[in-house]
Amino acid sequence: MAAAGVLLRALRRLCRVLLFLSQFYILSGGGSFSVEPSQPLAQSDKDPGPTRTFTVVPRAAESTDIPPYMMKCPSNGLCSRLPADCIECKTNFSCVYGKPVTFDCTVKPSVTCVDQDFKSRKSFVLNMTCRFCWQLPETDYECSSSTSCMAVSCPRQRYTANCTVRDHVHCLGNRTFPKMLYCNWTGGYKWSTALALSSVMILA
């Protein structure tokens, strides 16, 4: 009985030692419970595999962009009433000044217009008077004003203004031109009023 007891205790010790060794083996990574082997993981760290590069190509301008001149061009109006920015004409500078003249014109891209019979046209004949833009009457263009005319003078002072032809008026040459104009406003008063006031002050 004593020998059997000693053998049983020795067997228990052996089981404890084996259990300890098996747990140590598993925790150290050598057991069969390891999900991912360490070698392929190490390789994946060193070799990330092929990489792809992407180049961003800018988009081409879309054909639906509205030209800036379209803001001035009425849709489906009379071709002869279109502003100058909406058409292109084959002008002839050898016409006689002040005489009526006709030019062959075409509308710019995206512009639509009609003739007297309300039929859509891309080309038409424009009737106008033969004259350069700077020869137009003052009612047909707008000019910049001057802030430097501050004193009444005799003769009246002039200044160089930048003038632009009104949209609906047609003429030859540049539609923007310089022109010498009289100083009409002086110190907040019209020139004639300022001249009258200065005369009163002198007489007084």
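Annotation: GLY98 fulfils all but one of (1) of a type in the set (Gly, Ala, Ser); (2) at negative phi; (3) over 34 Å from the mean Cα position of the chain (by Cα); the unmet one is (2).
The set of residues in the stretch 86-119 being touching a residue at least 24 places away in the same chain (Cβ under 8 Å) and open to solvent by 60 Å² or more (accessible area, probe 1.4 Å) consists of THR91, PHE93, VAL96, TYR97, LYS99, PRO100, THR102, PRO109, SER110, GLN116.
Please verify whether SER146 is under 36 Å from the mean Cα position of the chain (by Cα), open to solvent by 50 Å² or more (accessible area, probe 1.4 Å) and modelled with pLDDT under 95, treating the condition exactly as stated. Taking the combined requirement at face value, the residue does not satisfy it.
Which of the residues belonging to the stretch 62-74 are in a loop (DSSP other than H, G, I, E, B) and either under 28 Å from PRO137 (Cα atoms) or at pLDDT 85 or above (or both)? Result: CYS73, PRO74.
The values are calculated or read from the model by the stated rules, or taken from the named source; none is laboratory data. Remember, it's a predicted structure, so these values are computed and weren't measured experimentally. Glycine gets a Cβ as well: all are built from the backbone with ideal geometry, and neighbour counts include every protein chain shown. Just the protein is used for accessible areas: all its heavy atoms, side chains included, with ligands, DNA and RNA removed. Shrake-Rupley method; radii C 1.70, N 1.55, O 1.52, S 1.80 Å.
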